[in-house]
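Nothing in this text is a laboratory measurement; each read-out follows from the coordinates by a stated rule. Every value quoted in this text rests on a predicted model; they were computed, and no experiment measured them. Glycine also receives a Cβ, built like all others from the backbone with ideal geometry; neighbour counts cover every protein chain displayed.
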Amino acid sequence: MKDLTGCGMRSSVGFLSRRELTGQPLMMEEFQRRRLAGCTSLYKKNMEGHFGCVNAIEFSNNGGEWLVSGGDDRRVLLWHMEKAIHSHSKPVKLKGEHLSNIFCLAFDSTNKRVFSGGNDEQVILHDVERRETLNVFLHIDAVYSLSVSPVNDNVFASSSDDGRVLIWDTREPSHGEPFCLASYPSAFHSVMFNPVEPRLLATANSKEGVGLWDIRKPRSSLLRYGGSMSLQSAMSVRFNSTGTQLLALRRRLPPVLYELHSRLPSFQFDNQGYFNSCTMKSCCFAGDKDQYILSGSDDFNLYMWKIPNDPEAGGPGRVVNGAFMVLKGHRSIVNQVRFNPHTYMICSSGVEKVIKLWSPYQQPDSEGDLESRVEDKSRSLYSHEEYINLVLNSGSGLSHDYITQSIEEDPRMMAFFDSLVRREIEGWSSD
């Protein structure tokens, strides 16, 4: 291992180039695994390009060469990760623009097409190379989540505020009637195809909790996760890479892990300071074997937990108390997080206009360290009075326009979400 510890290994590019030269991918995977396992923090840097909150981020498939992002500024941005990190290259804007906030994104398996959906009740299909719009799929309410079939790039699922999960085929006329997999009175916030058994899909519903569905048996779920506590407000669900486990986020509850065919939780994950009450969030697995989970929090931090090897860990409640890593650096609520298993990079976003990149390898202009020795500069919450003054002085009330195309921090937006956090904390105090 002597040759693997030189300065070239401090950056992901140096590491990956050497990885190709050694021809020993298993040894490199072990190196990656041990490096992350030995960290108590990660290097971080900001990627700037959006004019508002960033509500959706996704790495491209087969290596994560690209990142696609979207948010309140209604634009879909495409980032070439290596160029963005090492030469401050600006993202490319796809020509198809939404009429309101973007909530979800997805690449197809070839990374040639990107799907985007949002508050304007439509899904736009983009051509990545030409940046053109290929098609538009109209819904009757806001679109919260998208998932492309792992075996057919022409098939995708959408979940919507109208309480339906729809299966679409891009080869069919876009004005045609899609296949309805699920229909509830309450909103579906998340949907995902099982990566190994594509007939199965997992969903997160705002009142009905987490469910498993078979595309051959629509309108009735195969499984309702949570046992006697299945009727919970769920907002995100993700399969691991082998399709054997589901990770879910629930409002005002800790993240929860399920085995595919078991109603009862394998583990719940908690840590002092973590809470999920004020905003819609997503979660993801991390590590070469999906041995970690990641979730943002209303306390402005990003939390990583390690899944125990012992199925009896956590006691009767199966609660893993204590995060493996708490990543500090965001200046407001963290809503979105994605992990790239090829480079071990994590991207996170939320209320701020920036996308934050985290890595166990030092990047150009990155901050922090791997041992939590560098003190993070946290900020104080805006008071309610400060928020009101910011709104009154802005001259535009509560509305936001992005004509100025500013990537600078927006105090009014930060103060608005601070007021939500304060209200939630005050609610705890009065309980």
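Among ARG263, ARG373, ARG75, the largest mean-square fluctuation in a Gaussian network model of the chain (Cα springs under 10 Å) belongs to ARG373. Among the GluC sites (Glu not before Pro) in region 324-405, those placed in a DSSP loop whose Cβ has at most 14 other Cβ atoms within 10 Å are GLU371, GLU375. Close amide H pairs (under 5 Å, H built 1.01 Å from N) link VAL320 with GLN268, PHE269, ASP270, residues at least 5 positions away or on another chain.
Couplings for region 305-311, taken from phi via the Karplus curve 6.51 cos²θ - 1.76 cosθ + 1.60 with θ = phi - 60°, read 10, 9, 6, x, 6, 7, x Hz in order; Gly and Pro are left as x. Taking θ as phi - 60° and the Karplus parameters 6.51, -1.76 and 1.60, the scalar couplings of region 336-353 work out to 10, 8, 9, 10, 9, x, 7, 9, 6, 8, 10, 10, 9, 7, x, 5, 5, 7 Hz in sequence order, x denoting glycine and proline. Placing +1 on each Lys and Arg Cβ and -1 on each Asp and Glu Cβ, with no other charges, gives the chain a dipole about its Cα centre of roughly 720 debye.
Close amide H partners of ARG74, meaning residues 5 or more places away or on another chain with modelled amide H under 5 Å apart, are ILE102.
Considering all alpha-carbon pairs of region 49-105, what whole percent are spaced by more than 19 angstrom?
Result for the distance tail: 25 percent.
Once you order the gyration tensor axes a ≥ b ≥ c over the Cα atoms, which shape class does region 308-431 get: rounded for a/c under 1.5, otherwise prolate or oblate by comparing a/b with b/c? Oblate, since a/c reaches 1.5 and b/c is not below a/b.
Over region 232-294, Cα pairs under 8 Å with separation of 6+ residues give a relative contact order of 29 percent. Normalised by the number of residues in the chain, the mean separation of alpha-carbon contacts (under 8 Å, six or more apart) gives a relative contact order of 15 percent. Taking amide H as placed 1.01 Å from N in the peptide plane, GLY118 has its amide H under 5 Å from the amide H of PHE103, VAL143, each at least 5 places away in sequence or on another chain.
For VAL319, VAL421, the sequence from fewest to most other C-beta atoms within 10 Å is VAL319, VAL421. The HN-Hα couplings worked out from phi for region 382-388 by the Karplus form 6.51 cos²θ - 1.76 cosθ + 1.60 (θ = phi - 60°) are 5, 7, 4, 5, 5, 4, 4 Hz, whole numbers, x standing for Gly and Pro.
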